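Peer 1: One structure, pasted below without further comment.
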Amino acid sequence: MSVVMGPVLAFRGLRGTSWDISVLVVVDDDGAMPLEWGTDAGRAHRTTTEAVLLHEVDRFRVLRFDLSVTLRAAAQQVTYAVGGIEERFTVPRDGQPPDCAYTSCNGFSNPRDMKKVADKNERWKHLAGKQAESPMHLLLMGGDQVYSDSIWETVPAFKKWSGSNARKRRAAAFTPEMQAAADAFYFNLYVDRWRQPEPRQALARIPTVMMWDDHDIFDGWGSYPPEDQASAVYQGIFEVARKYFRIFQLQLAPGESHPFTLPGHTAFSYCYQFGSVALAVLDMRSDRSQSQVLSETSWTPFYDWLDGLKGCTHLLLMSSIPVVHPDFGAMERILGIFPGQQELEDDLKDHWLSRTHKTERLRLIHRLLNYARERACRVTILSGDVHVGAIGVIESTRTNDAPENSQVINQLTSSGIVHPSPPGMMLHFLESLGDNVLEVDRGITTRMLAFPGTRNRFIGTRNWLELQHDDQDRIWACWHVPTEDPQTAKKTPAPLAPGEKPYTKVIHPCAKAAAGPA
């Protein structure tokens, strides 16, 4: 028996002092394959774990192994071995909030984009190198972990269907041929993308927290006209994409729910708490339509969880699409001047500032500001999708006697780890719009911040984000970008420090996670 893809680590939650991890592998026959593991590279007390079968197709099986590591007074390294592969990961000390990496956009929306980068997985190499030097405890993956858009060109049944007129497409059945083709496509997509050496190394050494976005289904899912969205073929593809999202990203067996899924939730949102720090991972695709991002049956469990949080002084909220960004209406008008920018236009129409989502966005902003004020708690939004790095801020002056840190919500955007950034002209227009202060409601505004030491509000190159706690309970945000990119060199011209590797760190002290106001 051999491992075809994996291992891929997933974080399953913190229960008391038990740090729960699962390990996924794809194997190519039906023999027994246990996993052995132990802490601090010690083999004397290694534990053997048997597999849970998640999926089986032809000769391939997708297996999951569950581990539970007891946190100690010091950080621990865990080694594990499966199918002849030995790997390791690090767990924090008891009471320590996890240090994290955040990524999004692991792929290409168009084959033409591949030509823009010489080394497609260069940022994954850097992330793995950083992990070897200074281990991170969690890898937050905010969407587009795979890009499925090639389904319309590479699968004959769907290429034929997409070439017909709208009336025929909407009336067509989702045939058994289509079902089989979609199953094979999504299974192979995950295996092919995640078995690449560079992402494989990171996925095997940092437990992941994943939430899907549109490209994990197909580009723009949820933002199509209702007649298209409800068609048998669209719904059929969605159900297949959903199945493989559950298997590979959430590592769930059929009929199983994520252990930290919100009670009563109809989609896939789940939430954790690490002492004074909480992490909410919102599913913004399962319920999505042109008129809503999340349904009421998804918002209510999240707000109930938020109301029940105790002892939280810093809330991290993963939103696959940015809550704070330049006004899309103006950008769409500008982009309309330039032919060949349809991919970016589609992204913009898909976002929170789309006309039909602004009211829902306003309710979210109000709820987060109220929570921050009532609990004296910082709120930071983590986002991706837009193929640039950025810092956004929501500011409120509605309550003059509220603690200062409860009137500001920071948003940190990191995108993409593989997908290239927009062309230089588009970045120029982003910068021209980025200094606008946008009014959300009376006394509430949003704006984009310049990165420290620069006049630039956007990182126009591939990047990944590091979130690191210091000994003063502050969280530091660090965007890792390649210095060889000429756009990056213009943004961050500082020389390298002695011994520093040739990568620029754009650092922003975004928040302080301490009891009471900062």
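The values are calculated or read from the model by the stated rules, or taken from the named source; none is laboratory data. Bear in mind the structure is a predicted one, so any value in this text is a computation, not a measurement. With ideal geometry, Cβ positions are generated from the backbone for all residues, glycine too; neighbour counts draw on all protein chains shown. Heavy atoms of the whole protein, side chains included, go into the accessibility calculation; ligands, DNA and RNA do not. Shrake-Rupley method; radii C 1.70, N 1.55, O 1.52, S 1.80 Å.
Peer 1: Which ones in the range 455-472 are free of Cβ contacts under 8 Å to residues at least 60 places away in the same chain and more than 14 Å from LEU430 (Cβ to Cβ)?
Peer 2: Answer for the range 455-472, where residues must be free of Cβ contacts under 8 Å to residues at least 60 places away in the same chain and more than 14 Å from LEU430 (Cβ to Cβ): ASP470, ASP471, GLN472.
Peer 1: Can you tell me how many residues in the range 59-80 are farther than 16 Å from TRP37 by Cβ, of a type in the set (Lys, Arg) and crowded, with 17+ Cβ neighbours inside 10 Å?
Peer 2: 1
Peer 1: Considering only residues that are in contact with a Phe, Trp or Tyr (Cβ under 9 Å, 6 or more places away or on another chain) and either open to solvent by 50 Å² or more (accessible area, probe 1.4 Å) or assigned to a strand (DSSP E or B) (or both), which ones fall in the range 260-288?
Peer 2: Within the range 260-288, THR261, PRO263, TYR270, CYS271, TYR272, ALA278, LEU279, ALA280, VAL281 qualify.
Peer 1: Read through the list (1) part of a helix (DSSP H, G or I); (2) buried (at least 20 other Cβ atoms within 10 Å of the Cβ); (3) among the small types (Gly, Ala, Ser), then give the number of the only condition that SER148 fails.
Peer 2: That leaves (1) as the condition not met.
Peer 1: On to the next question. For the range 154-201, which helices (runs of 4 or more DSSP H) that fit wholly inside it have 3 or more residues that are in contact with a Pro (Cβ under 6 Å, 6 or more places away or on another chain), open to solvent by 70 Å² or more (accessible area, probe 1.4 Å) and basic (Lys, Arg)?
Peer 2: On the way: elements: 156-162, 166-171, 176-194.
Qualifying helices (runs of 4 or more DSSP H): none found.
Peer 1: Of the residues ASP327, ASP346, ASP287, which is at pLDDT 90 or above, acidic (Asp, Glu) and within 23 Å of the chain's Cα centre (by Cα)?
Peer 2: ASP287
Peer 1: Out of GLY83, GLY6, GLY38, which single residue is surrounded by 14 or more Cβ atoms within 10 Å (Cβ to Cβ) and under 22 Å from the mean Cα position of the chain (by Cα)? It would help to see each step written out before you state the result.
Peer 2: Numbers: GLY83 fails: under 22 Å from the mean Cα position of the chain (by Cα); GLY38 fails: under 22 Å from the mean Cα position of the chain (by Cα).
Among GLY83, GLY6, GLY38, only GLY6 is surrounded by 14 or more Cβ atoms within 10 Å (Cβ to Cβ) and under 22 Å from the mean Cα position of the chain (by Cα).
Peer 1: Pull up the range 260-311, narrow it to residues that are touching a Ser or Thr at 6+ places or on another chain (Cβ under 7 Å) and of a type in the set (Asp, Glu), then point me to the one that is farthest from ASP20 (Cα to Cα).
Peer 2: In this case the residue turns out to be ASP287.
Peer 1: Right, something else. Do we have SER320 as crowded, with 22+ Cβ neighbours inside 10 Å, of a type in the set (Gly, Ala, Ser) and more than 18 Å from the chain's Cα centre (by Cα) here?
Peer 2: The answer is no for SER320.
Table: residues versus (1) within 25 Å of LYS243 (Cα to Cα); (2) at pLDDT below 95; (3) part of a strand (DSSP E or B).
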{"position": "VAL8", "(1), (2), (3)": "yes, no, yes"}
{"position": "ILE21", "(1), (2), (3)": "yes, no, yes"}
{"position": "VAL25", "(1), (2), (3)": "yes, no, yes"}
{"position": "ASP29", "(1), (2), (3)": "yes, yes, no"}
{"position": "ALA44", "(1), (2), (3)": "no, yes, no"}
{"position": "HIS55", "(1), (2), (3)": "yes, no, yes"}
{"position": "VAL62", "(1), (2), (3)": "yes, no, yes"}
{"position": "VAL69", "(1), (2), (3)": "no, no, yes"}
{"position": "VAL78", "(1), (2), (3)": "no, no, yes"}
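Peer 1: Next question, about the same structure. Of these, ASP183, ASP192, ASP216, which one is free of Cβ contacts under 8 Å to residues at least 12 places away in the same chain and among the acidic types (Asp, Glu)?
Peer 2: Within the list ASP183, ASP192, ASP216, the selection yields ASP192.
Peer 1: A follow-up question, please. For the range 415-423, does any single residue satisfy the condition of being surrounded by fewer than 19 Cβ atoms within 10 Å (Cβ to Cβ), touching a residue at least 12 places away in the same chain (Cβ under 8 Å) and not polar (S, T, N, Q)?
Peer 2: No, every residue in the range 415-423 fails to be surrounded by fewer than 19 Cβ atoms within 10 Å (Cβ to Cβ), touching a residue at least 12 places away in the same chain (Cβ under 8 Å) and not polar (S, T, N, Q).
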